[in-house]
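The values are calculated or read from the model by the stated rules, or taken from the named source; none is laboratory data. Source: prediction; values computed, not measured. For neighbour counting, all protein chains shown are included, and Cβ atoms are generated from backbone atoms with ideal geometry for every residue, glycine included.
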C-alpha cells in the first residue's frame, strides 16, 4: 500500500495584524524544517532578491510593531524625565510653617530665659497692644510724610517694659549706678554695660569623705567543710557563730579564734544566724525549712518554729520586742512570737525568694529584700506593705541598717543603694562593686563593707559613698579560685561600759 507523507502546516496568524489587535511583539520562533523539506529546498532554484519597492512595502506593513528596549534604557529614560520635571524647583526651599517656628521659639524661650520670663507678666497682651499702636502711628506718619525716631536706647526701652523685681533673690536685678559699685566689690556680681547685674552661680562642692583607718587581714580560721553562708557576732564581742553548708553551727572565741562549740541539728545548709541581746538564745534557719532556737546555757534546741513551705534564707530579731522575722523561698516573710512559737503575721507580697531581712524599732519595723528586685517596707501591726521600692533591676540579696541613723543600704548585682526611712527615699548610688553583692555590714564609724561573689571586699564611707579601700580574698588550700566568694559579713559591736 502506498504511503502518503504530509508536512506540518504553519499558521501565519501570529504575524498578522488586525485593526483591533496589533501584531505580536515577540519575535517569531525559529522554524526547523523537516528533512524532506530540506531536500526540496535544495532541489528548488534560489528565489530572486526582492527589489527596493517590495522592501518599502514590507517596512510599511511592520510599522505598528513596537521596538523592544532593555531595562537599563527604560530606567535611564524615566530618570531623565523625572529630572526635567523637578529641575526648575531644585534650588527652592519648602515653605516655612509658622506654627512650627512659634513652637520652636517658645521652647527656646523657656529653656534659655525661664528665670526672666516671670518678670514680664502678660507679655503677649503687651506685644499685641504695641503692634496695634505701631500700626496706627505708622499710618499717621505716612500721611504726614515724615518719620519720628525714638530717642531712647533699646536697652532703656527694655528696662521700661520690665517691672520692678518682686524678690531680692532674683538672678537679674536692676540697681542704681552707686549700688553697682558696692555690690561689685562685696558680692562679686557681674555688671553689664547696660546696667544689669548678674549674680554668678555657686560652684557645686563635692562633700569631703571622712578619713578611715585601712583594714587588713588579721587571721584565717578553718574548720568548716563547706561554704560558710551565715555569721553572727555576740553583742559582748566575746564569741561569734558561723553556719555553713556542712549543716553544722560552730561557735568560735573572738580573741583567740579557737573553736569552742559545735551544734548539730540541721539536715541542710544553715543560711541564717542571729544572737539575742536579751536572752541567752541563738536562732538559726536553713534550707531544711526549719527555724530553731538554741539555748546556749544547755547547748540544745528549745523551740522549733514550723510554717515555712520551703527553705529559709534569712532571719532577723526585733531590737525591742520579742519577735522573730524569717523569710525564704516561699516568697513570704513570717513574724513569730519568740516565746509562744506562734505565727503573728504572714507578710505576703513578694513574687520570689525573700533573701534578706532587717528589723527596726520604729516604723517601718520590718524591711525585706527579694529576688524579685524589690524592697518592701512593712507595717507589722496591720501586716501590710507601707511602700515598695523598685529602683533595683536585679535580685536584692543583702540589706543592712545603719546603727545610728534612720537609713539603710541594699545590695544587688553591681549595685549598692542608700535609702532613708521611714518613707524609703532614695539617697545615692554606690558604684564600683562589679560583682554579685551577697553581704553587707556597717559599724558605728560609718564604714560600710560589701562582699562580692568573686571574693572582692569594698570599704565605703557612708556619708559620701566614697570607696576608700578594696581587698581581694584568697582561696584556701584545696579549693579552686572560683570558690573564694564572700557569702556573709559581720562587724563587732561597740560595747558601752
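Some points to look at:
- Scanning segment 200-221 for residues that are within 30 Å of residue 480 (Cα to Cα) and surrounded by 10 or more Cβ atoms within 10 Å (Cβ to Cβ) turns up 215, 221.
- Subset of segment 414-467 [buried (at least 16 other Cβ atoms within 10 Å of the Cβ) and on the phi > 0 side of the Ramachandran plot]: 424, 446, 455, 465
- When the strands (runs of 3 or more DSSP E) confined to segment 417-497 are screened for residues that are in contact with a helix residue (DSSP H, G or I) (Cβ under 6 Å, 6 or more places away or on another chain) and within 25 Å of residue 274 (Cα to Cα), none reaches at least 3 such residues.
- Flag if residue 233 is under 16 Å from residue 493 (Cβ atoms), touching a strand residue (DSSP E or B) at 6+ places or on another chain (Cβ under 7 Å) and surrounded by 14 or more Cβ atoms within 10 Å (Cβ to Cβ): yes
- Residue in segment 389-404 that is more than 28 Å from residue 348 (Cα to Cα) and modelled with pLDDT under 95 present: yes
- Boolean, residue 470 is surrounded by 11 or more Cβ atoms within 10 Å (Cβ to Cβ), within 21 Å of residue 208 (Cα to Cα) and without any contact (Cβ under 8 Å) to a residue 24 or more places away in the chain: yes
- Restricted to strands (runs of 3 or more DSSP E) entirely inside segment 266-335, those with at least 2 residues that are crowded, with 18+ Cβ neighbours inside 10 Å and modelled with pLDDT of 95 or more are 270-275, 281-286, 291-295, 312-317, 323-328.
- Filter result (in contact (Cβ under 8 Å) with a residue 40 or more places away in the chain and either surrounded by 21 or more Cβ atoms within 10 Å (Cβ to Cβ) or under 20 Å from residue 452 (Cβ atoms) (or both)) within segment 382-408: 395, 396, 397, 398, 399, 400, 408
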